Structure formats: C-alpha cells, structure tokens
Amino acid sequence: MNRLADELNTVLAGTVAGRLLSGLGRRLYFPKGIIAQSAEAKKLAHRANATIGMAYSKGKPLLLSAIADNLPKLKPEETVAYAPTAGIEQVRLAWKDLLAQKNPSLNPETMSLPVVVPGITAGISYSADLFLDEGASIIASSPCWDNYELIFQERRGATLQEVPFLGSGPGLDMASIDQALEEAAKTGTLRIILNFPNNPSGYSPTRAEADVLINRIKEIAEHGTDVLVLCDDAYFGLFYEADTITESLFSRFSGLHERILAVKIDGPTKEDYVWGLRMGFITLGSKGLQAEHYDALVKKLMGAIRSSVSCANTPAQYLMLKTLEDGRTRFEKEGYHALLQQRYQGVKHFITENPEHPTLQPLPFNSGYFMSFRCIGINANTLRQELLAKHGIGTIAFGDAYLRVAFASIEAEQISGIYRTIYDTAAHP
C-alpha cells in the first residue's frame, strides 16, 4: 500500500470512519504530485508558476472568443482554468455557510468542509468507493432511484438491500425499516442510504417520524454497531407540508454518536434549478471526528476525484458562487417553489377527489418533484408504454410495480386532465 495511504489510515485508526473504509477507501490517497505541488506553487511562486498544464498570457488563461462571448461576466480564470481537486475554496466555504443557514440545528464543528464533485451522482459513487466493499450490504428504500443498483451493486459489488420504507399507511413503514436495521446491526456494521425527498415516491418524513428513525439508529450505535448513513439530499428544500421535517437528517446524524458516520451528498442541481451544471458536494460528519480526521478523509476523497475526473467543472462553481451572492436568487427561488407547490396541490387535490382506483395506489408524497403509484394487477411498464403511445404522456416505470409521474414538469392547468387520462388508461388497459 502507498505510504501516503498508510499515513491517512493511521490518522483515521480507531475512528468510525477508519473502521468503515472499504479496501479501495484504505488504498486511496491524494498524491503529492502535479496537483499538490501546483497548489503549493500557487501560494508561493510569486515570480513564475511553471507547474500546471495551462497556457497563460499576461497572467490570464488563454480563452477562445466564442467562449468569452457566451460567458461575458466570467473572467478567464473563472471559465477555462482548472479548479482545485476538492473544489474552489471560496465555493466550498460558501456552501458550508449555506448548509448552516438551511439547517439551524447543524453544528459546523461536527462536519468537514464540503468537497466539490461533478454532480450528486458522482458524490454517491465516490462515497461508495470509500465505504463499500464487494459483498457489503447497504439498505435503501424500495422502490429507489435505479442508479443505486448501478453504483452499489454493479460498480462496487455490494448488495443493495431494498426495504419497503412506504407500506400501505400514510407515511414511513417503521416496522419494515426497524426489522432491516436490526438484521444489519447483527453483522456489526449498518450501512443505509436515506433519500429524502425520495425519488421516486416524493416522500419526506414528518418531524415525528424523523425522531423515531434517528433515535432507533442511535440505539443501534450505542449497542456497538458502526453505522454509515448516506444522506442523498438531491431534492432538499422542496417541501410542501407543514409537518414535514425541513432540515437534512445529516444535521442530526453528524453529531449524534461516535459510532455514526454521516455523509451528506447534495448540490445546487435541483435546489437551485441548474441540472446541467453537474456540480455537487460531499460533506462528512461524526461526533467522534476531529479536524485531522476530516483532513484525512478529504484527502482520500481527493484521491478518488483525482483518479477519475481530476477536478469538477470550473465555470459551474463560479456561476453558482455568483448565484449565491446575487440578491435576486432568494426571491426567484421562492417563486419557483410556489410554482411547484401549486402543482403538488393540484395532484393532491385530484387524488383526494378520486380516492379509490382498481389498479393504482398512490404512495405517500409530500415533497420533491414526483409522486408514484403502486400498480395492482397491471404491469407498470405496460401502462407506461400505453400512456406514451396512445396519449403522448411520458412517465417512468420502476420495474413492473411502480409508475412515477413528475408533476414538476406539468403545467398546473394540465394536471387534472393528465391524471384523469392516467387513471382511465390504468382502469381499462
């Protein structure tokens, strides 16, 4: 094993993060090569910096006119220059401040500085690299985002244990969740990914449900189990009901217990309506970790980034920084949220007015972009194909049993008619 990896592992020895590292996670390190040496030179090479493979003229990166014309407010160093492997520090600090604003109970002392990654998908994948070995098991909701299977099972060789987080009741099926937690705890290591608001169901826990879930996992940690909690917060902030928990569960887990390591994977993708910028963050937190532990974990993350994409998109980071600094942003986001809430209310009203359906059972939903139906006695993919071919309505089938409808992309005045068509088609396939 590389000496630098050994050094990081020594720093993490005896912590929950050190015990949870995968084989790859133990092997990862950030090399003291081109990038590290360039970072040193950036601070100290006041006469000439001949370290990085970029072309400069008069102190600025060379920039094509076509790019300059289409990004008129960004400087060359904000567009075509390489970003640091862990992201532009100003962006990382701004996002950490934003996390504290959005999550008042979050203790900044129990978390790392966020690391910039090329999208939330990459953040989940890098987290899996660090903490999942072949044969390991991780609990997820059923149904869950289909990319989890590719990331956890196909890439890492782990087992994705899908548990019905939502049963026939109005909210979380705590009996099913608790049973899965108990079984995993028997192995000495519990790994779980919590995706709220959930894709595809569009459900987030109530405050009471969150308390039960958090306290249950705390009890498991108190009995000696190491716990990895991945918080997939892709749709964070899109909450529509008063009793829904509006803070990330990371806020609680990150300072809950020394045996719990929480990883927050989020970004502006959905929160700030910038899907194509492909920019996300990984933030780590645990009650038992100190600054040197976070530094070691960040270096391992940097090794994962350096060995795959090298660094995240530079203009995306600066565009997001300018978005955060722009006084118009908050008001525009409030307007977009109101627009989505209106569409949510339209779907909720339709379903309330049409409570009984022979083949479609709505899963609980209260947040996010989507809602889903459990298909009873009808194949979800067959229904999807018929809706598309005969009615020009695009939906997503999750296996044979679930149909997801993204109300976020439907105009409010279209909702009643589209859902009526879905109901009628499902009733008479």
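The values are calculated or read from the model by the stated rules, or taken from the named source; none is laboratory data. If you're wondering where the values come from, they're calculated on a predicted model, not measured in any experiment. Note that each Cβ is placed from the backbone with ideal geometry, even for glycine, and that neighbours are counted across all protein chains shown.
Remarks
- Residue that is part of a helix (DSSP H, G or I), touching a Phe, Trp or Tyr at 6+ places or on another chain (Cβ under 7 Å) and crowded, with 18+ Cβ neighbours inside 10 Å, where the choices are TYR336, TYR344, TYR318: TYR344
For every residue, the table says whether it meets (1) modelled with pLDDT under 85; (2) of a type in the set (Phe, Trp, Tyr); (3) exposed (fewer than 15 other Cβ atoms within 10 Å of the Cβ); (4) in a loop (DSSP other than H, G, I, E, B).
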position: ARG47; (1), (2), (3), (4): yes, no, yes, yes
position: LYS73; (1), (2), (3), (4): yes, no, yes, yes
position: GLN90; (1), (2), (3), (4): no, no, yes, no
position: PRO143; (1), (2), (3), (4): no, no, no, yes
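- Unmet criterion (only one of (1) surrounded by fewer than 18 Cβ atoms within 10 Å (Cβ to Cβ); (2) in a loop (DSSP other than H, G, I, E, B); (3) modelled with pLDDT of 95 or more) for HIS257: (1)
- Only one of the listed residues (GLU183, GLU134, GLU162) is surrounded by fewer than 20 Cβ atoms within 10 Å (Cβ to Cβ), among the acidic types (Asp, Glu) and assigned to a helix (DSSP H, G or I). That residue is GLU183.
- Residue match in the stretch 363-383 (condition: in the same structural domain as LEU166 (by TED's automatic domain parsing), in contact with an Asp or Glu (Cβ under 7 Å, 6 or more places away or on another chain), modelled with pLDDT of 90 or more and not polar (S, T, N, Q)): no
- Of VAL298, VAL309, VAL263, all but one fail to be in the same structural domain as ILE214 (by TED's automatic domain parsing) and in a helix (DSSP H, G or I); the exception is VAL298.
- Residues of the stretch 186-225 satisfying the condition of being of a type in the set (Ser, Thr, Tyr) and either in contact with a Leu (Cβ under 7 Å, 6 or more places away or on another chain) or surrounded by fewer than 22 Cβ atoms within 10 Å (Cβ to Cβ) (or both): THR187, THR189, SER201, TYR203, THR206, THR225
- All of LEU228, LEU194 fail the test of being among the aliphatic types (A, V, I, L, M) and touching a residue at least 60 places away in the same chain (Cβ under 8 Å), apart from LEU228.
- Selection status of SER168, part of a loop (DSSP other than H, G, I, E, B), in the same structural domain as VAL298 (by TED's automatic domain parsing), among the small types (Gly, Ala, Ser) and farther than 29 Å from SER372 by Cβ: no
Table: residues versus (1) modelled with pLDDT under 95; (2) buried (at least 24 other Cβ atoms within 10 Å of the Cβ).
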{"site": "VAL227", "(1), (2)": "no, yes"}
{"site": "ASP232", "(1), (2)": "no, yes"}
{"site": "LEU238", "(1), (2)": "yes, no"}
{"site": "ALA242", "(1), (2)": "no, no"}
{"site": "GLU247", "(1), (2)": "no, no"}
{"site": "SER251", "(1), (2)": "no, yes"}
{"site": "LEU297", "(1), (2)": "no, yes"}
{"site": "LYS300", "(1), (2)": "no, yes"}
